[in-house]
1. Show that you can apply the helix-only estimate: for the chain, add -39,500 (n - 2.57) for every DSSP H stretch of four or more residues, divide by all residues, and state [θ] at 222 nm to the nearest 500.
2. Which value, in Å³ per residue, describes the convex hull spanned by the Cα atoms of the range 22-123?
3. To the nearest 0.05, how large is the calculated FRET efficiency for Glu117 and Asn4 if R₀ is 41 Å and r is the Cβ-Cβ distance?
4. Near Met26, within a Cβ-to-Cβ distance under 12 Å, what is the net charge of the other residues, with Lys and Arg +1 and Asp and Glu -1?
5. Using a 1.4 Å probe, what is the accessible area per residue for the chain, in Å²?
6. Over the chain, with every protein chain in place, what whole percent of the accessible area is carbon and sulfur at 1.4 Å, could you tell me?
7. Taking mean projected area of the Cα convex hull in nm² straight from the coordinates, which label in (i) 15.2; (ii) 11.2; (iii) 10.1 is the correct one?
8. Can you order the peptides 63-76, 127-140, 178-191 by their average number of other Cβ atoms within 10 Å per residue, highest first?
Amino acid sequence: MSINGPEELAGMRAAGAVVCLMLGAMRSAVRAGITTAELDEVGAGVMRQHGARSAPALVYKFPGVNCISVNDEAVHGIPGGRALETGDLVKLDVTVEKDGFMADAAVTVPVGKVTEERQRLIACAERAFAKAMLVARAGFRVSEIGRVVEREVRRSGFSVIRDLGGHGSGRTFVARDKWTVITADRRPSAHYEHTLVITKGAPILLTAA
């Protein structure tokens, strides 16, 4: 969306702040043995406390509050009875609506001790985002953001999931639940995103502390 004036920016900041708080609470709750439904409720409690609503549930009738994906589940995992295990990678994807404004962010969290490759995968996703921030500003083409991300990902020995478009090589499958997107090679994936406001200088990061 285009932001027209300080009131709209304030609305976006408010929505982004709720996303940040939800991710912080959910990240702190990640441990072996907790179910994805329990993690979802942690985030939902924070969301309700701050007067926000789940955008996926509101707009798409998603059967959960937050998308929680594990290992080879790339995005849109439905919270449920699956218990996390040591070594898992869990992706926490939060999108809220508050007072007519929406904000979205996702992080990948290791469950206990993970393999060195999985640590590198998480670091690569975060590093690619940080480098993309350098060209996420007025005057640059949107395609340049994608090129920067792909360059860093490939340099690190990984690939982007093209089927997820602006969120990010390879193909994906959709699971039987019709929501969860799974990597075609069943290898683990990492997900890292934040909501930005583009300016002539450095972008304004709305969903991170």
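The values are calculated or read from the model by the stated rules, or taken from the named source; none is laboratory data. Quick caveat, the model's predicted, so the values are computed rather than measured. Cβ atoms come from the backbone with ideal geometry, glycine included; neighbour counts cover every protein chain shown. What goes into the accessible areas is simple: the full protein's heavy atoms, side chains included, and nothing from ligands, DNA or RNA. Shrake-Rupley method; radii C 1.70, N 1.55, O 1.52, S 1.80 Å.
1. On the way: 5 runs with 76 residues, N = 209.
The helix-only estimate for the chain comes to -12000 deg cm²/dmol at 222 nm.
2. Values: hull volume 8.8 nm³, N = 102.
Spelled out: Cα convex hull of the range 22-123, divided by residues, is 86 Å³.
3. Numbers: r = 45 Å, r/R0 = 1.10.
For Glu117 and Asn4, the calculated efficiency is 0.35.
4. On the way: positive: Arg27, Arg31, Lys91; negative: Glu38, Asp40, Glu41, Asp93.
Charge balance near Met26 sits at -1.
5. Details: 10740 Å² over 209 residues.
In whole numbers, the chain has 51 Å² accessible per residue.
6. Numbers: 5820 of 10740 Å².
Its accessible area is 54 percent carbon and sulfur atoms.
7. (ii)
8. Numbers: 63-76: 22.9, 127-140: 15.6, 178-191: 17.8.
Answer by packing, highest mean first, reads 63-76, 178-191, 127-140.
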